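The values are calculated or read from the model by the stated rules, or taken from the named source; none is laboratory data. Since this is a predicted model, take the numbers as computed values, not measurements. In this analysis, Cβ positions are derived from the backbone assuming ideal geometry, glycine residues included, and neighbour counts consider all displayed protein chains.
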Amino acid sequence: MEPLVGIIMGSTSDWETMRHAAEKLDELGVPHETKVVSAHRTPQRLYDYATSAADRGLKVIIAGAGGAAHLPGMAASMTHLPVLGVPVESKALKGADSLYSIVQMPGGVPVGTLAIGKPGAINAGLLAAAILATSDAALADRLKAWRAAQTDSVAIDPE
Ligand code: RP5
């Protein structure tokens, strides 16, 4: 199936975090693609990716990057598709730099910013699925079942 979600990241080193978004989409049966697209090191690749994304059939972009993390915002500047930003945990500042780089967009160019690191990547996958589920009843049913299973998995006793 053609991908509906594009997961992009600034470096192969981001995959350890971003794979969690891909895993959630796999679990929910959402076709997706994964690419390394760096705002700083491969700007032409970013331009080509963002400007062609909607025409290629993508519906949501998940963009993860760390440090001076311009990838989600620059992607959002070049497409009308919803962009979900994942701040990857950096070594120097533990992802605070990534978070601030992604979250504080100027009014007019939104990036839906998630939590730093693995929880953010997981939730980006779930949120992308939820966006698609607004127009896909079968996916909505799978998402509701996933949520119910999560609820059922929570023990009531702490030990
Ligand atoms: C960012 O710089 C990437 O998103 C990554 O999180 C960070 C470090 O990249 P590498 O030096 O590991 O390639 O652009």
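Structure notes:
- Hey, ALA115 touching a residue at least 12 places away in the same chain (Cβ under 8 Å) and closer than 19 Å to GLU33 by Cα or not: no
- Flag if PRO82 is of a type outside the set (Lys, Arg), closer than 14 Å to LEU114 by Cβ and surrounded by fewer than 21 Cβ atoms within 10 Å (Cβ to Cβ): yes
- Within region 1-47, considering residues that are of a type in the set (Asp, Glu) and farther than 15 Å from LEU126 by Cα, the one farthest from the ligand (Cβ to nearest atom): GLU2
The rows are residues; the columns are (1) surrounded by 18 or more Cβ atoms within 10 Å (Cβ to Cβ); (2) polar (S, T, N, Q).
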{"residue": "HIS70", "(1), (2)": "yes, no"}
{"residue": "ASN123", "(1), (2)": "yes, yes"}
{"residue": "ASP136", "(1), (2)": "no, no"}
{"residue": "GLU159", "(1), (2)": "no, no"}
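- Residue within region 38-45 that is charged (D, E, K, R), at pLDDT 95 or above and touching a Gly at 6+ places or on another chain (Cβ under 7 Å) present: no
- Candidate set: region 48-66, residues that are in a strand (DSSP E or B) and within 16 Å of the ligand (Cβ to nearest atom); chosen: the one nearest to LEU4 (Cα to Cα): ILE61
- Considering residues of region 10-19 that are small (Gly, Ala, Ser) and surrounded by 14 or more Cβ atoms within 10 Å (Cβ to Cβ) only, the residue farthest from LEU58 (Cα to Cα): SER11
- Of the residues making up region 20-32, those that are surrounded by fewer than 15 Cβ atoms within 10 Å (Cβ to Cβ) and either in contact with a strand residue (DSSP E or B) (Cβ under 9 Å, 6 or more places away or on another chain) or among the basic types (Lys, Arg) (or both) number 2.
- Residues within region 1-45 that are of a type in the set (Val, Ile, Thr), closer than 20 Å to ILE131 by Cα and part of a helix (DSSP H, G or I), tallied: 0
- Region 88-114, residues that are part of a helix (DSSP H, G or I), touching a strand residue (DSSP E or B) at 6+ places or on another chain (Cβ under 7 Å) and of a type in the set (Gly, Ala, Ser): SER98
- Matching entry among VAL88, VAL103, VAL83 (being away from the ligand (no atom under 12 Å from the Cβ) and either touching a helix residue (DSSP H, G or I) at 6+ places or on another chain (Cβ under 6 Å) or under 19 Å from THR51 (Cα atoms) (or both)): VAL83
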